[in-house]
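*Asks:* Structure below; questions to follow.
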Protein chains: 2
Amino acid sequence: MAAKTTKPSPIPSVWARPQREQDQPTLNRATIVREAIVMLDAEGVEALSMRKLATRLNAGAASLYRHVATKDELMELAVDEVAAEIHVPPADSPDWRAAVSEAAHSFRTTALRHPWLGSVLGQAGLAYLGPNLMSYSERLAALFTAAGFPDPTGAIDAVLSYVIGMSTTEAAWLSTVARSGESEADFIARLLPAAQQAVAEHEHLAKGYAETEEAATTDPAAMRDAKFAAALEIVLDGLTLRLKATGS
Amino acid sequence: MAAKTTKPSPIPSVWARPQREQDQPTLNRATIVREAIVMLDAEGVEALSMRKLATRLNAGAASLYRHVATKDELMELAVDEVAAEIHVPPADSPDWRAAVSEAAHSFRTTALRHPWLGSVLGQAGLAYLGPNLMSYSERLAALFTAAGFPDPTGAIDAVLSYVIGMSTTEAAWLSTVARSGESEADFIARLLPAAQQAVAEHEHLAKGYAETEEAATTDPAAMRDAKFAAALEIVLDGLTLRLKATGS
DNA sequence: CTTCGTTGCGAACACTGTACGCACAACGGA
DNA sequence: TCCGTTGTGCGTACAGTGTTCGCAACGAAG
């Protein structure tokens, strides 16, 4: 049995002591979460393991558990950390509809910037809300009450559910595209024949499909933006109706 | 017969041969998917392993790979199998709004019956649509076009995204409740003080929270039903507005 | 009877999340 | 100056995981 790695000195020597060798003075919960997010963004949710994360932090795998109880907890922390990026306009905005739309778009862009968010939300849900997610809800509620909504909670449910559903679906799509290594347009072009054949015997789908095919192959990102905005307008229309019904 | 493993046959003997010992004649993709769904429903997504699934089918783990390329593929198959349970009213329904509402409610009940669905959708998305999910979309499209919508695809986006977002969030919540072993009401009651404290410094959330607290502790399931239905009405209002704008 | 394609599967590989227990730095009091 | 206590890092180990390889056993075909 040959010693394969740096066998720690059986003879205690001054030169063997670590002595401020770390660039990071100590391991830290915040830095762990930050580095986890970097890895998640770069390589996706199934590429993150405690061992890889530890080596990237110049640490041993077991050390992480001094700062984080379990991997799931680390994921919840990462989700809440990322939730801080979502922007919500102040409650006294003159145009509540534009403000809510901006909050929705901000959620979407952060969800697309961190595509793993959908996976975690689908598993852990919003059961234990971290402080940042909480504050996001609070600011949305402030927006809706300032606008005069009788039931701000219901309004939040409608717009937030729509945004979550659309964004996570979109993020999952982008993840599979990224895994393929191709650009989105190339990926679409490659599976176009299969999609056409699959859609062929569904007449109503085929109709809508034919209309959007060109846009999908030329500028898919713009088409996704338009889709998101258009369906969001529908939800906002419903909210406007509720507000008017109360006002009159 | 005590010995069920057919291993000990250094001497080829008639008695050692398996000879129709299986109740299932052969392993089969359909039965694999069915049993996987049973396990997923019973124990959740992280309790399903290829080995456990195989032993439940009186088979070896490696045998499954003769019928299924990978575990992810098995998951996609399970998702599509479950999608067949979703009911959509026929396109010639007199009241399109009631029909869409029924389709939405049917999606929700199947998502709650199979709470793992949210996790898989969050990871795999709707990239490769299986035939059953495809047919669900098609029937929704038929419903919207029959109702006279100018852009059925946009209408589908709005209602489907809302339903996915709400249902998966709800399913994730129910999963964490189930993991706790308690009833939903008990679970809520137990974390009520923590939730109240967390919500205390968010004035707008606290207001809505106070209103729904009693309903949440007495009949949480009914409250969730009501929440889903209420927010769905908002989305449907938005759709109705779109339809009227076209008609006039 | 031989051959062939198909199916089942034991064993192994490369990993995973996490628990245990030791080594060692910092520190406060005697 | 020593001695405990406390908190941190981490080597090692355990119980799993998904998946591959190669072999055995079969039913049908030639």
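*Asks:* Of all the helices (runs of 4 or more DSSP H) wholly in region B:139-248, which have at least 3 residues that are small (Gly, Ala, Ser) and exposed (fewer than 14 other Cβ atoms within 10 Å of the Cβ)?
*Replies:* Hits in region B:139-248: B:220-247.
*Asks:* Tell me, which residue of region B:29-59 that is surrounded by 13 or more Cβ atoms within 10 Å (Cβ to Cβ) and among the small types (Gly, Ala, Ser) is farthest from the chain's Cα centre (by Cα)?
*Replies:* Here the residue is B:59.
*Asks:* Then there is this: Please specify each residue of region A:40-56 satisfying the condition of being among the aliphatic types (A, V, I, L, M) and assigned to a helix (DSSP H, G or I).
*Replies:* Of the residues in region A:40-56, the ones among the aliphatic types (A, V, I, L, M) are A:40, A:42, A:45, A:47-48, A:50, A:53-54.
Once the filter is applied, which keeps residues that are among the aliphatic types (A, V, I, L, M) and assigned to a helix (DSSP H, G or I), region A:40-56 yields A:40, A:42, A:45, A:47, A:50, A:53, A:54.
*Asks:* Which of the residues belonging to region B:77-108 are charged (D, E, K, R), more than 27 Å from residue B:238 (Cα to Cα) and either modelled with pLDDT under 95 or not in a helix (DSSP H, G or I) (or both)? Steps first, please.
*Replies:* Here is the first cut: in region B:77-108, the ones charged (D, E, K, R) are B:80-81, B:85, B:92, B:95, B:97, B:102, B:108.
With more than 27 Å from residue B:238 (Cα to Cα) added as a condition, the list becomes B:80-81, B:85.
B:85, the sole residue that qualifies.
*Asks:* Which one of the conditions (1) in a loop (DSSP other than H, G, I, E, B); (2) within 7 Å of chain A (Cβ to nearest Cβ); (3) touching a Leu at 6+ places or on another chain (Cβ under 6 Å) does residue B:126 fail to meet, given that it meets all the rest?
*Replies:* Every listed condition holds for residue B:126 apart from (3).
*Asks:* Cβ-Cβ distance below 7 Å, separation of 6 or more or different chains: which pairs start in region B:148-162 with a residue that is more than 8 Å from every other protein chain (Cβ to nearest Cβ) and end on one that is among the polar types (S, T, N, Q) and part of a helix (DSSP H, G or I)?
*Replies:* Partner pairs satisfying both residue conditions: B:148/B:246; B:150/B:246; B:156/B:137.
*Asks:* Which ones in region A:57-71 are within 15 Å of residue A:35 (Cβ to Cβ) and more than 7 Å from DNA strand C (Cβ to nearest atom)?
*Replies:* Passing the criteria: A:57, A:58, A:59, A:60, A:63, A:64, A:67, A:68.
Results for (1) over 27 Å from residue B:115 (Cβ atoms); (2) in the same structural domain as residue B:138 (by TED's automatic domain parsing); (3) touching a Leu at 6+ places or on another chain (Cβ under 7 Å); (4) among the basic types (Lys, Arg), shown as yes or no for each residue.
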residue	(1), (2), (3), (4)
B:59	no, no, yes, no
B:63	yes, no, yes, no
B:76	no, no, no, no
B:82	no, no, yes, no
B:91	yes, yes, yes, no
B:94	yes, yes, no, no
B:97	yes, yes, yes, yes
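The values are calculated or read from the model by the stated rules, or taken from the named source; none is laboratory data. Note that this is a predicted model, so its numbers are computed, not measured. Reconstructed Cβ throughout: ideal geometry from the backbone, glycine too, with neighbour counts over all protein chains shown.
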